[in-house]
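The values are calculated or read from the model by the stated rules, or taken from the named source; none is laboratory data. Since the model is a prediction, treat every value here as computed from it, not as a measurement. Cβ coordinates were reconstructed from backbone atoms using ideal geometry, including for glycine residues, and neighbour counts include every protein chain displayed.
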Amino acid sequence: MEKTDNFFVIHNFNTVPNDLLAYCKEYVIYDCSTESAVKKQLKDMGLNIKEVENTGHNITSYFSYFDEHYDALPEVMCLLKGNMIGRHCSKAFFEHTYNNKSFTFLYDEKQYWDRFSKYNENGERNDVGNTFLAMENVYVEKNDSWYAASENHPKKYFNDADDLLRFIYKKPMIPQYFMFASGACYIVRREQVLRHSREFYRNLNKLMNYGMAPSFPSEAHQVERILPIIFHSVSEVQDYMNDEAAFEAKLPECSAYIQYKYENRPRKFKKLRKALGLIQ
């Protein structure tokens with residue numbers, strides 16, 4: 001297999017990503033493994049590893065790489081998870097795409113094609129649901145932030161992706177559906193990353209690495225869904241996104257807003273139930 005000049009940024013957790021390393025000439029592994037045997041094996045192999053805190057997801061590793069190498073980014077980067085092949089895409093799909101030089105969704109789950117395509121295997125038309133495929137590797141999900149209600153993924157700053165988009169951009173378009181790669185693996189070009197400042201990526205990481213209680217924050221789910229927007233949108237970002245001190249000064253307002261909405265939720269529901277005549 002020909003090795004690509006694309007630089008591999010690999011987020012790794014408790015695995016040895018030999019299958020990915022077979023495809024690239026240069027790479028870095030952001031390793032947050034907790035299993036001592038895996039950590040020892042990686043070290044003994046002499047791999048290019050940067051040990052990082054386990055934030056429960058991979059996007060903080062990507063943004064950390066952008067920050068740390070902002071002035072000397074490779075022309076094309078593959079943003080990968082150590083266990084991606086076989087989980088988020090097939091080996092055959094990866095071999096067709098790993099050397100792409102343009103933005104690519106690294107996602108491929110053919111087992112869902114029959115359910116998500118226009119017609120099923122019987123030739124009958126499928127209903128459009130909350131999720132579907134726009135292309136064979138482009139996952140589409142209704143923008144309803146269903147994951148924000150999960151107790152496993154607490155939220156500290158934003159109730160949903162809409163609030164996050166309004167926080168990042170001055171006049172964002174709020175889509176009814178998000179197109180993204182489930183698992184947040186992509187091929188991205190340097191100029192797409194450089195659309196935003198180093199401080200922009202540092203600040204976004206602050207929204208996603210505030211703790212594991214019990215798992216990663218809801219904000220990481222939100223950022224996962226807007227990654228293609230971040231790499232493509234022409235909308236103007238808020239000034240504080242490029243200023244760490246100003247950004248951090250805004251965060252207490254976000255936390256207070258979430259608390260306000262939570263505290264007033266029962267009151268709003270009571271008014272609604274009363275308006276509907278369900279209570280006196």
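Yes or no, residue by residue, for (1) closer than 20 Å to N143 by Cα; (2) modelled with pLDDT under 95:
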site	(1), (2)
E191	no, no
P217	yes, yes
E236	no, no
K261	yes, yes
G277	no, yes
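Which condition does V128 not pass, out of (1) part of a loop (DSSP other than H, G, I, E, B); (2) touching a Phe, Trp or Tyr at 6+ places or on another chain (Cβ under 9 Å), if it passes all the others?
Exception for V128: condition (2).
Name the one entry in A134, A148 that is part of a helix (DSSP H, G or I) and at negative phi. Break it down stepwise before answering.
On the way: A134 fails: part of a helix (DSSP H, G or I).
After ruling out the rest, the residue left standing is A148.
Of everything in the range 70-125 that's acidic (D, E) and surrounded by fewer than 11 Cβ atoms within 10 Å (Cβ to Cβ), which residue is farthest from the chain's Cα centre (by Cα)?
The residue in question is E124.
Taking the options I59, I29, name whichever one is closer than 25 Å to E224 by Cβ and touching a helix residue (DSSP H, G or I) at 6+ places or on another chain (Cβ under 6 Å).
After ruling out the rest, the residue left standing is I59.
Scan the range 146-199 for residues that are crowded, with 21+ Cβ neighbours inside 10 Å, within 21 Å of P74 (Cβ to Cβ) and of a type in the set (S, T, Y) and jot them down.
The answer is Y186, and nothing else.
Please pick out the residue among N130, N126 that is out of contact with any Asp or Glu (no Cβ under 7 Å at 6 or more places or on another chain) and at pLDDT below 95.
Details: N130 fails: out of contact with any Asp or Glu (no Cβ under 7 Å at 6 or more places or on another chain).
After applying the criteria, what remains is N126.
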